[in-house]
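Student: This structure is in structure tokens; I'll ask about it shortly.
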Amino acid sequence: MTGPGSEIERLIELMAKLPGLGPRSARRAALALVKRRERLLLPLAQAMAEVAERVALCEVCGHVATGPRCGICTDARRDATRLCVVEDVADLWALERAGVFKGRYHVLGGTLSALDGVTPESLRIPELAARVRAEGVVEVILAVGATMDGQTTAHVVADYLEGTGAEVTSLAKGVPVGGELDYLDDGTISAALSARKAF
Amino acid sequence: MDWRDEGLLLGIRDHGESSAIIDVLTVHHGRHSGLVRGGAGQKMSAVLQPGTQLALEWRARLEEHLGHFRVEPLQSRAAGIMAGRGTLAAFNAMAALIQALVPERAPDQGLHDASVALADALAAQAPDWPAIYARWEVQFLETLGFGLDLERCAVSGAPDGLAFVSPRTGRAVTREAGSPWAGKLLPLPGFLIGRGEPSAAAVVEALQLTGWFLANRAVAAMERDALPEARERLLRLLDRAAAAPGGG
């Protein structure tokens, strides 16, 4: 049996590197693209070329943007005195989906990791402290993961923010909406019990 | 090859899209790494937090292979450890020191038990956790083969009045015998030999003492550049606490 041409093989090879795709599913996706050339392949290729050409990280917050600054940083209706610090762009999108936070963001781009050589400088933490001072921020919300790495990063961020005058807060930890106690891990139950409040 | 054991989870790194490589301090097999299939997924994220005590089943075709772990949580400590800035920093320092300075697959039940005891104290937010951490570092030095001799004076043989440690030999010296060289000797905080209270300043002194031997003996022996940043961070944190009003 003759295999597909080298261009298709290259496409499959690249697509297989995407999250959620392996060699088999990449092969199916590539075949679907080839079969829907006008409806899918060409528009997708054009969209990807445009993204590659125009999209970069916002120079202020680290969100993806089509100019030097993202839509959130240029939106005058957003509360510039409250900053929400997130690990990644995906976390920013999750908060935006909830639609409850009207302030601005600062995307760290990961968590600290000595093993992987991730330092405060590579996470744009010094830039955050400078931004808080320059923009007169009154509250910094640490919306990082409730993991050991996430919380270590949060403490380092808090250290950098000392002396800026901004109040540093963090997200609550506990029972998720729709969560049943029987299915929760010990750590979550323990955190929820510690953070209980008047009912 | 396969075995069953239990161990303290020190660290985890994603491997590929859904797997993770974990580093565990086991009871009978030393510090050991292995792959956990699905370890990077949401279902496992609460289980695979550093500090968790795990039941482990390790399998590999050959002993020198990385191998696969099947894990079950025995005790979760992450939430307790994360509840305090200091306890989190102390756990990170302990895990980083073990990962940096303990060779893989060298069994040492004493180190496991001491590390579990420290992790338990950190998770429980024990008020004296800084002193427990300092004593753990003294034991850690012994594990690495650089144990301090704090029983009696290296000069006079006296068991009382010990106040310094020689940076050259790691042996204690009394105040009387050590005074002429006080500037060259390391102060020995009393609580490490069962005398005096472990004040914040004394704990910092203890960490400076153990830190000297870790940096100048253990780090060099393991051909590392420096002590892990997590350990430096803990020292800075405790130093600040000692400098704060009422901290000393």
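Student: Can you list the residues, at least 5 places off or on another chain, whose amide H is less than 5 Å from the amide H of residue A:103, using H built in the peptide plane?
Tutor: Close amide H contacts, sequence-distant or interchain: A:79.
Student: Enter the Cα centre distance for the pair segment A:143-181 and segment A:1-76, rounded to the nearest angstrom.
Tutor: Centre-to-centre (Cα) distance: 33 Å.
Student: Please name which of B:46, B:209, B:16 has its Cα lying farthest along the dipole of chain B towards the positive end, using unit charges on Cβ (Lys, Arg +1; Asp, Glu -1) and the Cα centre as origin.
Tutor: B:209
Student: Can you list, largest first and rounded to whole Å, the semi-axes you get for chain B by taking the square root of 5 times each eigenvalue of its Cα gyration tensor?
Tutor: Each semi-axis is √(5λ); the values are 36, 20, 14 Å.
Student: Counting partner chain Cβ atoms within 10 Å of every residue's Cβ in B:92-100, what's the average? Before the final figure, lay out each step's value.
Tutor: Values: counts 7, 0, 0, 2, 2, 0, 0, 2, 2.
Other-chain Cβ atoms within 10 Å of each residue's Cβ, averaged: 2.
Student: I would also like to ask the following. Could you list log10 I(q)/I(0) for segment B:2-76 at q = 0.16, 0.21, 0.24, 0.25 Å⁻¹, which the Debye formula gives when each Cα is one point scatterer?
Tutor: Each listed q maps to, in turn, -0.47, -0.83, -1.09, -1.18.
Student: Among the aspartates and glutamates, select those whose C-alpha is under 18 Å from the C-alpha of residue B:184, and discard any that sit fewer than 8 residues away in the same chain.
Tutor: Leaving aside aspartates and glutamates fewer than 8 places away in the same chain, those within reach of residue B:184 are B:149, B:176, B:205.
Student: Let me ask you something else. When the helix-only estimate is applied to chain A (DSSP H runs of n ≥ 4, each -39,500 (n - 2.57), divided by the residue count), what is the mean residue ellipticity at 222 nm, nearest 500 deg cm²/dmol?
Tutor: Values: 8 runs with 84 residues, N = 199.
My calculation for chain A gives -12500 deg cm²/dmol from helical runs alone.
Student: So what is the calculated 222 nm ellipticity per residue for chain B, using -39500 (n - 2.57) for each DSSP H run with n of 4 or more, over all residues, to the nearest 500 deg cm²/dmol?
Tutor: Rounded to the nearest 500, it is -11000 deg cm²/dmol.
Student: Expressed as a fraction of 2.2 N^0.38 Å, the rule-of-thumb size for a compact globular protein of N residues, what is the C-alpha radius of gyration of the protein assembly as shown?
Tutor: Taking N as the residue count of the protein assembly as shown, the ratio is 1.16.
Student: Moving on to the next point. Would you pull out the residues with amide H under 5 Å of residue B:6's amide H, same chain only if 5 or more places away, H placed 1.01 Å from N?
Tutor: Close amide H contacts, sequence-distant or interchain: B:27, B:28, B:56.
Student: Please average, across the residues of B:75-87, the number of beta carbons from any other chain that are within 10 Å of each residue's own beta carbon, and give a whole number. Spell out each step's value before the answer.
Tutor: Values: counts 1, 6, 4, 10, 13, 5, 3, 11, 6, 1, 6, 1, 0.
So the per-residue partner count for this stretch is 5.
Student: Calculate the dipole size of segment A:75-199 relative to its Cα centre from +1 charges on Lys and Arg beta carbons and -1 charges on Asp and Glu beta carbons; express the result in debye to the nearest 20.
Tutor: Dipole about the Cα centre, nearest 20: 560 debye.
Student: Turning to a different aspect of this structure: What is segment B:147-224 by shape, rounded, prolate or oblate, if you read a ≥ b ≥ c off the alpha carbon gyration tensor as root eigenvalues and call it rounded for a/c under 1.5, prolate for a/b larger than b/c, and oblate otherwise?
Tutor: Working: a/c = 1.90, a/b = 1.31, b/c = 1.45.
Oblate, because a/c is 1.5 or more while a/b does not exceed b/c.
Student: Under 5 Å between amide hydrogens, which residues at least 5 positions from residue A:168 or on another chain qualify, with H placed 1.01 Å from N in the peptide plane?
Tutor: A:140
Student: Now for a separate question. Between segment B:184-209 and segment B:102-136, how far is it from one alpha carbon centroid to the other, in angstrom?
Tutor: After rounding, the separation between the Cα centres reads 18 Å.
Student: Quick check: the angle from helix A:42-54's long axis to the longest principal axis of chain A, C-alpha only, nearest 10 degrees?
Tutor: So the inclination is approximately 40 degrees.
Student: Next up: Can you compute 3J(HN,Hα) from phi for each residue in segment A:140-148, using the Karplus curve 6.51 cos²θ - 1.76 cosθ + 1.60 with θ = phi - 60°, rounded to whole Hz and x for Gly and Pro?
Tutor: 10, 9, 8, 9, 9, x, 7, 10, 4
Student: If packing is taken as the mean number of other Cβ atoms within 10 Å per residue, what is the order of A:85-98, A:162-175, A:13-26, B:21-34, highest first?
Tutor: Details: A:85-98: 16.2, A:162-175: 14.6, A:13-26: 12.7, B:21-34: 20.7.
Ranked from most to least packed, the peptides come out as B:21-34, A:85-98, A:162-175, A:13-26.
Student: Relative contact order, percent, of chain A when contacts are C-alpha pairs under 8 Å separated by at least 6 residues?
Tutor: The normalised contact order for chain A reaches 13 percent.
Student: How much of the DSSP bridge set in the protein assembly as shown is antiparallel, in percent, rounded to the nearest 5? Intermediate values should be presented prior to the final figure.
Tutor: Working: 36 of 53 bridges.
If we restrict to bridges inside the protein assembly as shown, about 70 percent are antiparallel.
Student: Can you pull the mean other chain C-beta count within 10 Å for peptide A:139-151?
Tutor: Average neighbour count from other chains, rounded to a whole number: 3.
Student: Dividing the convex hull volume of the alpha carbon atoms of segment A:77-199 by its residue count, what do you get in Å³ per residue?
Tutor: Given the Cα convex hull of segment A:77-199, per-residue volume reads 140 Å³.
Read-outs throughout are calculated quantities, based only on the coordinates presented, and are distinct from any laboratory measurement. Just so it is clear, the model here is predicted, and its values are computed rather than measured. Don't worry about glycine lacking a Cβ; one is built from the backbone with ideal geometry, like all the others, and counts go over all protein chains shown.
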